[in-house]
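Comments concern the structure below.
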Amino acid sequence: MSSAADGQRGWAVGDLGTILQTKDGGEHWQHQTSGTQAHLHSVSSAADGLSGWAVGDSGTILEVRDGGEHWQPQTSGTQAHLQSVNFAADGQRGWAVGYGGTICTPRMAASIGGPRPVGLKMGSIR
């Protein structure tokens, strides 16, 4: 679950590509089309509540910039299951982490041309 700065907009993710969105602080939830059957484990929202990222099995990264109308797959460069994603409120810097010490930087596609794998293993992080 992730919510925008206003506390009203938010997303929750789950099995078989499930993405749910609220626009009223959780009173009501609407299903959104993710375009994937991958299990999604984590979602992160920018402060505006319009941009967000979801991650899941087999290196799945999804990005949205229009409040949830069009979730777009992004290239992660890994097949590792990604377990968590977190972005700064400005939506420009973020990290996804997963099995085997995988760390990816799925940044907004417009800023660097898509997500880039960092290629670090847990043992090399200091």
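Where a number appears in this text, it was derived from the coordinates with a stated rule and is not lab data. Small disclaimer: the values here were computed from a predicted structure and weren't measured. With ideal geometry, Cβ positions are generated from the backbone for all residues, glycine too; neighbour counts draw on all protein chains shown.
Just for the stretch 75-88: of the residues that are surrounded by fewer than 20 Cβ atoms within 10 Å (Cβ to Cβ) and closer than 16 Å to Ile19 by Cα, which one is nearest to the chain's Cα centre (by Cα)? Here the answer is Ser84.
The criterion of being buried (at least 22 other Cβ atoms within 10 Å of the Cβ) and not in a loop (DSSP other than H, G, I, E, B) does not hold for Trp95.
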